[in-house]
Every structure is written in structure tokens, then in C-alpha cells.
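What follows is a short report on a single structure.
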Amino acid sequence: MAKVQPAIISCGFCEHASKRSDVNMAELVNEAVEDCLKKAGSIEWKDIDCVINGNMPAFEGANMPELWMTDHMAAKNKPLLRVTTGGTTGGSVCIAGYYAVASGLYDTVLAVAFEQQSCGNTTVGLSSVALGEISIFPALGYDYDRLKRNLGAGAAIGIASYQAMNYMRRSKATEEDLARVVVQNRRNAAKNWWTHLKMPTITIDDVLDTPYISYPLRFGMVCPASDGACAMLFTTEEKAKQIADIPVYVNGVASYSNETAIVGIDCAGAGQVDPCEQLGAVKSAEIAYGQAGISFPNKEIDYAEVYSPFPNQELMWVERVGLFEENKAPEAYRNGVSAFNGELPINCSGGVNSTNAIGASAMERPAEAALQIMGKAGNQVPKTVHTALGHGWGGAINFITHVVMSDEPQRKWR
Amino acid sequence: MVFQEHQIRDKILIEYKYTMGGQSKFFIELMNNKKILGTKCRKCKKVWLPPRINCSECYEDTDWIELPHTGTIQVSTIVWYGAAAFIQNVPYGCAFIKLDKADTAMFQGVFSENLVPSKLKKGQRVKAVFKKKENREGKMTDFFFVPEDEWERWINKPEYEGGD
Ligand SMILES: [Zn+2]
């Protein structure tokens, strides 16, 4: 249990786009940090005690980027830690920010996550990141080109399509259900200032009119590759009360993974056969809710941001993390439960499906969830949000992060 | 059973496009006009070279300023072995050079007709020499430094020229 109760007092973003060539990597990060500090009341650069930083390794070919951007994120002469855990990087950076305060070591901690994908080649980066998990392929005699084809149309969609197939088989979800998720996300994104794919008038037919990339996923369902950065400011309960109108208390964090199910041979994920089972997410949610004293997530969580580059994942995650019953999400989405003005709004930021600066994406989920509690989100929902969830996904479909937060500190009875 | 090693060889080609963002102007002015631009903090007046769009001392915005082409060596080495792209140039000097109006030092190549450590010692005055316009690409290799007393001879070589 935390020695000190950490709270989020501010979240910042830079504008996301497919090419932010007006800024270099350090300047991109600086924009998010400045936005975060601008909204942090009396907190200035000098008040930050420690900085956590992370992005995907190898995507832009810049190793140790935290040294390059030290001066751009107020880290000069301060403890600086780099965290990188694939797609969950942002979630892990966020959780590291929580730990730095919860441990009692630092009072005010800045957590920064970013990606400038336009500088590199994401697909190549992904293959080398996942090498530990897909190394079995070269051992079977596949060269890189064939490997790319085997995993699908390159990058993450290759594995997401298997996930989608099994999810649709289990839940009887249709392609139209997938398209509905896309429409909800991109219309939400159009109302949020920092997002990438803003499509205020997109329809289900528009999505279904685009060609397949890897069945059942179509071009119109796939997340974009974005340049962007996100920053979060953590501090102690005492300081947060002085600084923020509505401090957001982080009451539960968890980071679990299970084996991959890409190939299921040897070192590469013999442990499971169904890529949409996601025991890591189930376990991770259980632990985080337990810490936060949440017994009925479907009743107690008011708002959730889940990490879904592909629409089938959004339906899958909201079930696995206990917000909807198994196989019931498509129906709930049809009935508008997850919509902006629904009972349990999901991904009103526009989600990863509309904006994906990979290293930042898993931080943007808890950051947007926190802003909904503060009442300061770009696309603020009409209902009052007391308790929210920010979820992250990555690795080779198996890493999961969870951040559960509330406008009240952790319950004292724990 | 006897262990037999087996390897499958593979090659991955990756193309990177490092965007220079707010620092772009430095490279564009270097390429087009042989200018060396630094940035000056609006608050503490510190002059940064390489340029930064924010001052790292006080986090204020900076403004672009043109710097003279002369400066002094802060520390140096002479390279006798290098990567493929540079091997034909060995031996060559590398130094941290502080231009006359700058407050920080920039890392850059130093050439000399007589490349010995005493020619590149701390405090040595140097001046910038540029590649001809058709060969400049907007990269740090568009220019280099030479000891000030050799400058006239370097800029008279057909492949190089001096700044204005
Ligand atoms: Zn300054």
C-alpha cells in the first residue's frame, strides 16, 4: 500500500498529427510539458522533483532520447528515469510517476511519454521490439519479408486480426459492430483539440466502404500513426489539495502480462491459444480494482479509456476489465451505453483508434480519464465522473497496464 | 549428440527521417546563405549554439541571432580511424568550438595543413570554411573549421569558400 497518497493535478498534450515536422523530438515533448505546467496552477518548472520519461525503443532510431530532451522537460539536475515497455510504455511511465510519489521519495513528479513516428519506420521498429516473441519465426526459416506477410499486412494489425476473428466468433459481433466503434471514436475525436483523425460526420457505411487490410479489419478501422506527446503531473494529497480544484487520486495501479498467442511454439507463447482471452487484462483489472476498493466495476466506474487501436479490441477490453458482461459489449454499443452521453461513456477522447503516438497512447488513456474527473477534458462528458479507469495494451498483444482513479482518496478501511 | 550451430541470415533496411523541427532554420540558413545561427534567450540573454528554441537555463523562448564565423577551440582530438563515411578523411580533427558571441560550444570538424595536437590546442583561434553551394546539403558536414592563419588558403581551394 502506498506510503503517500498520490494525486494527479494536471495533464498536458501537444497537438497530434501524422507529421509534426515543425518540431523535433525534444520540442514535441516540450509542447506537452508546457501545456501540462500551464494548467498546473502555481507549479513551476523548479517545483518538479523528479521526471519519468518513455517512448518505444527503436522506432525513431534515437537511443537515450531522454538525454536529448532533458532540458525540454525540466529534468536538468533532477532524478530522471526512462521506462519503456512497448505499447504500454505510456501506462508504465504513468505508473512509475505514481510510484515515485507513493513511495514517499518525491513530492512532485512529471511523467512524460511521446512518439514521433514520422521520423522512423514503425513496422520495422515493431518487429525488432517484438523480436523476443517472434524470434521463433527466423528459427523456422522465415526471412524478414515473409515474416511481415505472415503476421498480416505488417505491424500490429497482423495480430489484431486474429484477435478480432476470435472475438467475433465468441460474441457474434458483426463487421457493422466494429464500424460502429470506429464511428463513435472518430466523432469523439473531432471534439477533442489534440487528436489526429477528426471525422465529425463519418458513418458506419463510410467505414464499411473501405478495403480490407487483414480480414476482418478494414482500412477505415485502423488507427493512424501519429506524432505526439503527453505529460502528467503527480503530487502528494496535501499539495494537490492546495493546488488543484479537483485533485484526481490514483487509488489502484497494476501491470500484468500473459503469454502471447501469435505462434504458440517454444518460447513464443505456448501458454495460451486464444488471443482474445486476455487473462493479463482480467488479472490486471482485478488487482487494480482491489487496491482501489472497487468490487463492482460495472457499477462503480463512471468513465473509461481503453487502449484500442482496432475497434474489436475496444469491445473486448471493456468486457475483460469488467465494465460489461462477456460478449455483451456489442449490444451495449448498439444501445448507446458507451456513447458521449451514455451511462458509461468510453473513449470520449477519440481513443487510440483516432490518435496513436504509440509511446504516448497508454498514458493518454489515464490522462484523459483524469481530465474527465477534473471536468477539464477536451470532450467533457455531460455526466459527473467520480471514478475512472485508464487502460493500456502492448507488447505482442499481452502487456496490460491499469490505472484506477477517483475524486476521493483511497478508502481508509484498507 | 553433437551440437551443430546453425544461423539464418537476415537484413533489415530502415529509413529514418530525423526532423529538425524548431532547429530547421539553422540548417537551411547554413545551406543557402552560409550563415551560422544561434539563439539568444529573451530573459537571461544566454546565446545557445547549437541553437535551442527554449533556453535551458530559464525555460524562456529564444530569438535567432547571426553569429560570427570565428571562435576558439575548447577541447579537441585528432581522429586516425573512423566509420566508412569518414575513413577517407583521416586524419582529421574534431573539437568543441565556442564561436565569439556564443556562450556554449559546438562540436565540429577541424582541418589543418599541419594536423598536429599543438595546432588544435585549447584557445586556438579558428574560422569556418564552407563547401561550395552545389555541395551543401543542410547538414553539419556543409562546413568545418580551420586555424585562422590558414583560412585564406583554404577558401581559395576550388571545392571550398568562405562566408560573407
Ligand atoms: Zn535564459
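Within 14 Å of chain A (Cβ to nearest Cβ), open to solvent by 70 Å² or more (accessible area, probe 1.4 Å), farther than 21 Å from A:Thr70 by Cβ and charged (D, E, K, R): is that true of B:Lys17 in this structure? In short, yes.
Contact map, segment B:69-94: first residue within 15 Å of B:Leu115 (Cα to Cα), second residue of a type in the set (Ser, Thr, Tyr) and open to solvent by less than 70 Å² (accessible area, probe 1.4 Å), Cβ cut-off under 7 Å, separation 6 or more or different chains; pairs are B:Val79/B:Tyr92; B:Gly93/B:Ser76; B:Gly93/B:Ser112; B:Cys94/B:Ser76.
Residue by residue, here is whether (1) in contact with a Pro (Cβ under 8 Å, 6 or more places away or on another chain); (2) among the polar types (S, T, N, Q); (3) crowded, with 18+ Cβ neighbours inside 10 Å holds:
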residue: B:Ser118; (1), (2), (3): no, yes, no
residue: B:Phe130; (1), (2), (3): no, no, yes
residue: B:Glu134; (1), (2), (3): no, no, no
residue: B:Val146; (1), (2), (3): no, no, yes
residue: B:Asp149; (1), (2), (3): no, no, no
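If you check B:Gln108, B:Gln88 for being more than 14 Å from chain A (Cβ to nearest Cβ), touching a strand residue (DSSP E or B) at 6+ places or on another chain (Cβ under 9 Å) and either over 21 Å from A:Asp22 (Cα atoms) or more than 16 Å from the ligand (Cβ to nearest atom) (or both), only one passes: B:Gln108. The residues on offer are A:Ala32, A:Ala62, A:Ala40, A:Ala75, and the sole one that is within 13 Å of another protein chain (Cβ to nearest Cβ) and under 22 Å from B:Cys55 (Cβ atoms) is A:Ala75.
One line per residue, one yes/no per condition, for (1) at pLDDT 95 or above; (2) open to solvent by 10 Å² or more (accessible area, probe 1.4 Å):
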| site | (1), (2) |
| --- | --- |
| A:Val183 | yes, yes |
| A:Lys191 | yes, yes |
| A:Trp194 | yes, no |
| A:Tyr215 | no, yes |
| A:Met221 | yes, no |
| A:Met232 | yes, no |
| A:Ala240 | yes, no |
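Go through (1) of a type outside the set (Phe, Trp, Tyr); (2) at pLDDT below 95; (3) over 23 Å from the mean Cα position of the chain (by Cα) one by one and return the number of the condition A:Ile202 breaks. Here A:Ile202 meets the rest and fails (2).
Of all the criteria given as (1) farther than 30 Å from A:Asn121 by Cα; (2) more than 16 Å from the ligand (Cβ to nearest atom); (3) in contact with a Leu (Cβ under 8 Å, 6 or more places away or on another chain); (4) open to solvent by 30 Å² or more (accessible area, probe 1.4 Å), the one not satisfied by B:Phe96 is (3).
Among the criteria (1) free of Cβ contacts under 8 Å to residues at least 24 places away in the same chain; (2) surrounded by fewer than 18 Cβ atoms within 10 Å (Cβ to Cβ), the one A:Glu34 does not fulfil is (2).
Of all residues in segment A:17-29, those being at the interface with chain B (Cβ under 9 Å from one of its Cβ atoms) and either open to solvent by less than 10 Å² (accessible area, probe 1.4 Å) or aliphatic (A, V, I, L, M) (or both) number 6. Can you tell me which of A:Gly87, A:Gly61 is surrounded by 23 or more Cβ atoms within 10 Å (Cβ to Cβ) and either of a type in the set (Gly, Ala, Ser) or within 28 Å of A:Glu305 (Cα to Cα) (or both)? Testing whether each residue is surrounded by 23 or more Cβ atoms within 10 Å (Cβ to Cβ) and either of a type in the set (Gly, Ala, Ser) or within 28 Å of A:Glu305 (Cα to Cα) (or both) leaves just A:Gly87. Among the residues of segment A:285-321, those that are open to solvent by less than 20 Å² (accessible area, probe 1.4 Å), in a loop (DSSP other than H, G, I, E, B) and under 26 Å from A:Ala179 (Cα atoms) comprise A:Ile301, A:Val306, A:Tyr307, A:Ser308, A:Pro309, A:Phe310, A:Val321.
Only strands (runs of 3 or more DSSP E) whose full extent lies in segment B:1-81 are considered here, and the ones with at least 1 residues that are closer than 25 Å to B:Lys127 by Cα and within 16 Å of the ligand (Cβ to nearest atom) are B:36-41, B:62-67.
Scan segment A:1-15 for residues that are open to solvent by 10 Å² or more (accessible area, probe 1.4 Å) and away from chain B (no Cβ under 14 Å) and the total you get is 5.
With respect to the stated conditions, A:Asn185 is in a helix (DSSP H, G or I) and under 28 Å from A:Ile294 (Cα atoms).
B:Pro117 - would you say it is within 16 Å of the ligand (Cβ to nearest atom) and farther than 19 Å from B:Tyr160 by Cα? In short, no.
The values are calculated or read from the model by the stated rules, or taken from the named source; none is laboratory data. If you're wondering where the values come from, they're calculated on a predicted model, not measured in any experiment. When we count neighbours, we look across all protein chains shown, and the Cβ atoms used for this are built from the backbone with ideal geometry, even at glycine. Heavy atoms of the whole protein, side chains included, go into the accessibility calculation; ligands, DNA and RNA do not. Shrake-Rupley method; radii C 1.70, N 1.55, O 1.52, S 1.80 Å.
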